[in-house]
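As structure tokens, the structure follows; a few thoughts come after it.
The values are calculated or read from the model by the stated rules, or taken from the named source; none is laboratory data. Keep in mind that what you see is a predicted model, and the values were worked out from it rather than measured. Virtual Cβ from ideal backbone geometry, glycine too; neighbours counted across all protein chains shown. Accessible surface areas use protein heavy atoms only, side chains included; no ligands, DNA or RNA. Shrake-Rupley method; radii C 1.70, N 1.55, O 1.52, S 1.80 Å.
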Amino acid sequence: MSSDHREHIGEIIRVNGPIVEARHMEHAGMLEVVEVGAMRLIGEVIKVHRGAATIQVYENTSGLSPGEEVICTARPLSVRLGPGLLGTIYDGIQRPLDRIAAISGAMINRGEKADPLDPARTWHFQPQCKPGDRVTTGTPFGEVQETLSINHRLLTPPDVSGTIVSIVPEGDYTGEHHLAIVKLDKGGERPLTMFQHWPVRLPRPVRQRLSLRQPLLTGLRVIDAFFPIAKGGAAAIPGGFGTGKTMTQQALAKWCDAHIIVYIGCGERGNEMTEVLREFPELVDPRSGRSLMERTILIANTSNMPVAAREVSIYTGITLAEYYRDMGYDVAVMADSTSRWAEALRELSGRLEEMPADEGFPAYLPARLAGFYERAGKVETMEGKEGSVSVIGAVSPPGGDFSEPVTQHTSRFIRCFWALDRDLANARHYPAISWKNSYSEYLVDITDWWKNQDLDWATNRQVIMEILQEETALQQIAKLVGPDALPEGQRLTLLIADIIKNAFLQQNSFDEVDMYCSPGKQSWMMAMLVKFTLRTRDIIRRGGALADIQKLPGLDRFLRMKSEIPNGDTQAMAALEQLLSNGLDALERKFVE
Amino acid sequence: MKMPGLEYSGVKNIDGPLVFVDNIRNVAYDELVVITAPNGEERMGQVLDVTATSAVVQVFGGTDALSPAGTRARFLGESLRIPVSREMLGRVFDGLGRPKDGLPMPLNADYLDVNGLPVNPYAREYPRDFIQTGISAIDLMNTLVRGQKLPIFSGNGLPHNRIAAQIARQARLLNEEVDFAIVFAAMGVKHDVAHFFIDSFQSSGVLNNVAMFLSLADDPSVERLITPRSALTLAEYLAFTEGMHVLVLITDMSNYCEALREISTARGEIPSRKGYPGYLYSDLASIYERAGRLRDGSGSITQMPILTMPSDDISHPIPDLTGYITEGQIVLERDMFQRGIYPPVAGLPSLSRLMKDGIGKDRTRADHPRVASQLFAAYSKVKDIRSLASVIGEEELSPVDKLYIQFGHEFENRVIGQGEFENRTIEQTLELGWDVLKILPRAELLRVSEEELQQYYDQAPQVETLR
């Protein structure tokens, strides 16, 4: 940060919506933050040409006029990092919305500023090094218990390398307090504080990227069993309006087994963020037993908030995720919706009068998408620990048409595609993830993990998938001749496919039991479905009647097992298994005689 | 308007609704402009783009009869504001908030910027108070809650206005008498449509609680861009300052979007889908998001925009982008309308996103969520069976499938269908729902719980079904 930045002042020459042009900006660098006009609106330099700078302004520019000044700050757009991030709701440029509400009331006034992290709050600091220790990028120098479940490890920032000269003893300190003094290798001294800065558009350094081995368990059966995502993976959820993108994102944010969740509401509804704010503090994380809000950071840039801040919000979110990843945590980022982000790019590009590519989107859209999704990954951190960032981006294709540019380009940079299906959503079959059009390339990476839990997992999964594929083909015929004209064996397949859809794939996120399905229960349900399939097929093959199977005692309880048998209730599982088995035994005995 | 400002005569070009003014100084973005025509007539305008010496102004009153030589522009140094006051209820205004009923401007009014400010998501209260509209298709299947934005997707000739009027007439909260108001904004609709609403408000005795902002089909199209914002500015004042519960009806958003496209084209902007500007989503959001409730306020804004889908196409940019912003949609279906079903609310594509938190135990009735889910599932099966029947013939269907066909018929006619002046309680509606579910065999009803089946399916006396 330069101390003489006040000398560099430019002058506005044009205002066109969120795009402002200014002259006398010879000293401004690309992506530098500037303060625009008398209201000191935050902006970022996005083009420099012959001393004139084009600035995108993160707030409404109404009332701004040519002649007003533009002040250079000589630093890139950055986020503030440190304890206190968890449980907070920020806007796209990391202004804390709770404190903004305390200052300006229910509406967000322009030019309002507040510290992203409370500078007055003290945290209990425990030093982890002593004078004379060497520290370089990523060396922990202390820690703070940020929430009861998250230990916030304070790491030496990337540009510091040297020897500790002094460090404070254990105690309560504020974020800006000089906790340690480092004598830098390159000369000079530098204090270390709890708070740090990092430019949002620059990925944080890592030692190396690791291959993905572990699934990110979500508690949603259709995802975990059929289209799993690995920790450190990237997935997209495309779907037309009303198909349940946000519902799915929220369910993932609630139940997935990441340590930290960064939820980015990018150009979406205000009430959805309110819902998360209201609901998460009351929900309990099934793993830590603590409130879900304690592991969540919200970035809210709703659709009516300034469009330029929407463009930056996903970078803000992923930078916070990388910060916690560097401490050795598994972080999951939900970006809802990346289409709104792409539209913000398009709008800004249009105002810049750039030559458009597909459907008015700028030609650099794929490059930007790639840059974002590539920040996902499992890594060895600079300290030598393992951490991961998984990214799950919702895509809102116009008219639900997946051939549009954002869906198409996104699918090139992700390896897990959860296509939401309009027909399923219309039948209120949620999650409406289509088993016909979705795929996951992570399946091969994580199969070994599942095999350690359940030897038959991969085979069972395969049997169930095959039935669903077979059913799709049979439905084509059934549509022409009616299902009753099909042979018994094929009608059985339709029946089993129906059971799979209703009893397994469909999941009720409002049902106390069904909202989260543990891996153990999933394995058991899959095994039950496969057993049922094999035995009933055998009965039909031996001349049994479908009608008998439909009247099987316990079939109705089998169909309700997702909501009637709680996670881990092995007694209830065994009881149901016995009941069904007895019925099937009885049917089989008919043919032995 | 407070500051007189400088008057310029340097009008360079006039293009469609836009005027390009040169040789100006100290003009701000979004500033309000008074354009004086050669004949002395004054029209309002707004700055869309400004450089140190020139400005692009969109003229709300239209640009006819303007000439570069005789036209003058006066910049007022402030953005567009409208008066807001409780006295505006019972009155009629134009799109810019000027009285249209011959009465003077309201006294003691505050003046507020029509663009409003974005609501801090942190300061919002999540909407979850059930509004009983007395219409089963909405109450049972697509429940409206206070503070929701729920549009009606309609088509030309469909009875969206009658449904909106019925909702305005019947909507009430369970067990509560509240201070309510209706703000009605009409953009580009015909005079008789406006009169239909006025008559309807009058006959139900609420006219004194209604403020109207009319920018009708023969008014300049640019005025339509401000009309919904004026209406919502008043609504925000009534809800968040006066603490009233406000229902905002906006018709017809398609006309609004066309006016936006007109301006965008005149400015030579790069179009996105179907010629609409790339910022259509953000622009619509700046209207639709002005609904909801606040943590520290007692009032609320419930928004019901109406839009007609061009050639009934729900994937057209206007309904498509609207559906992405609003909290659900009530879709009207031409096929049901032709079969004489009122209200012709399409069963499957209609949706209320806030329904889940507004219904159930202590809100409507404990079984409501699962009954609705069961009806959706069964009705979606009806659609499949109907298409099967159209191939193999109804006679060839299995016995269960035939019951589904009967269920579909009863559901459409008895549950969805009702009278325009019929006001059903939520209890009556739920009973009707169970009545038609009883047509189906018990084993088909997987989405309702065993206890509910015992309570409502088994024990309640079987009501004669109409054949």
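Structural remarks
- Contact order relative to length of chain A, as percent, for alpha carbon pairs under 8 angstrom and 6 or more apart: 13 percent
- Inter-chain Cβ neighbour average for residues A:60-70, partner chain, 10 Å: 6
- Förster-model FRET efficiency, 35 Å R0, residue A:472 and residue A:567, C-beta, rounded to 0.05: 0.70
- Across the options B:235, B:211, B:301, the greatest Cα extent toward the positive end of the charge dipole of the range B:211-311 (unit charges at beta carbon of Lys, Arg, Asp, Glu) belongs to B:301.
- Nearest-ten-degree value, helix B:191-203 long axis tilted from longest Cα axis of chain B: 60 degrees
- Distance from the Cα centroid of the range A:107-140 to that of the range A:529-572 is 57 Å (rounded to whole angstrom).
- Karplus-based coupling profile of the range B:356-363, in residue order and whole Hz: 4, 9, x, 10, x, 4, 6, 10, with θ = phi - 60° in 6.51 cos²θ - 1.76 cosθ + 1.60 and x standing for Gly or Pro.
- Within-12-Å neighbourhood charge of residue B:296 [Cβ basis; K, R +1; D, E -1]: +2
- The angle separating the long axis of helix B:227-236 from the principal Cα axis of greatest extent in chain B is about 70 degrees.
- Stretching the chain fully between residue A:551 and residue A:211 yields a gain of 117.5 nm (0.36 nm per residue, less the alpha carbon separation).
- A DSSP coil position with no more than 15 other Cβ atoms inside 10 Å describes the following trypsin sites (Lys or Arg not before Pro) in the range B:161-226: B:190.
- Antiparallel bridge percentage (DSSP; both residues within the protein assembly as shown; nearest 5): 65 percent
- Annotation for the A:B interface, with buried accessible surface near 6000 Å², both sides summed [1.4 Å probe; non-protein components not counted].
- Put a plus charge on the Cβ of each Lys and Arg, a minus charge on the Cβ of each Asp and Glu, and nothing anywhere else: the dipole of chain A about its Cα centre is then about 700 debye.
- Projecting the Cα atoms of A:46, A:566, A:67 onto the dipole axis of chain A, where Lys and Arg carry +1 and Asp and Glu carry -1 at the beta carbon, places A:566 farthest toward the positive end.
- Cut-off 11 Å between beta-carbons: net charge of the residues surrounding residue A:308, Lys and Arg +1, Asp and Glu -1: -2
- When you filter the GluC sites (Glu not before Pro) in the range A:347-382 for DSSP loop state and at most 13 other Cβ atoms inside 10 Å of their Cβ, you are left with A:353, A:374.
- Each Lys and Arg contributes +1 and each Asp and Glu -1, all at the Cβ; summed about the Cα centre of chain B, the dipole is approximately 480 debye.
- Spread of Cα-to-Cα distances over 5 Å intervals beginning at zero, given as percent, for the range B:168-300: 2, 10, 18, 19, 18, 14, 9, 6, 3, 1, 0
- Each of the chymotrypsin sites (Phe, Trp or Tyr not before Pro) that DSSP puts in a loop and that has at most 15 other Cβ atoms within 10 Å breaks chain A; the longest unbroken stretch is A:1-363.
- Residue A:364 paired with residue A:579, simple spin-label distance in nm, labels 7 Å along Cα-to-beta-carbon: 6.2 nm
- Peptide-level mean, for B:26-36, of C-beta atoms on other protein chains within 10 Å: 4
- By the combined test of axial Cα extent (at least 24 Å) and Kyte-Doolittle hydropathy (mean at least -0.5), the qualifying DSSP H helices of chain A come to A:307-325, A:457-481, A:519-541, A:570-592.
- Viscosity 1.306 mPa s, 10 °C: Kirkwood-radius Stokes-Einstein D of the protein assembly as shown over Cα pairs, µm²/s: 51 µm²/s
- Within the range A:35-89, trypsin sites (Lys or Arg not before Pro) in DSSP loop having at most 12 other beta-carbon neighbours inside 10 Å: A:50
- Around residue A:125: net Lys/Arg minus Asp/Glu count, Cβ-Cβ under 13 Å: -3
- Cα-based shape type of the range A:66-108, given that a ≥ b ≥ c are square roots of the gyration tensor eigenvalues and the cut on a/c is 1.5: oblate
- Under-5 Å amide H pairs with residue A:74, H placed in peptide plane, nonlocal only: A:33
- Chain A: C-alpha gyration tensor shape, a/c 1.5 cut-off, then a/b vs b/c: prolate
- Cβ-placed point charges (K, R +1; D, E -1), dipole of the protein assembly as shown about Cα centre in debye, nearest 20: 1280 debye
- Rounded to 10°, Cα long-axis angle of helix B:160-170 versus longest principal axis of chain B: 80 degrees
- Comparing Cα centroids, the range B:73-145 and the range A:266-331 end up 31 angstrom apart.
- With 19 Å as the limit, the listed pairs A:531/A:562; B:381/B:402; B:100/B:149 have B:100/B:149 beyond it between alpha carbons.
- Annotation: amide H of residue A:357 within the under-5 Å range of A:363, sequence separation 5 or more or interchain, hydrogens built in the peptide plane.
- Reciprocal mean inverse distance between Cα atoms of the range B:142-204 - Kirkwood radius, Å: 13.5 Å
- Dipole-positive endmost among B:158, A:581, B:202 within the protein assembly as shown (Cβ charges, Cα centre): A:581
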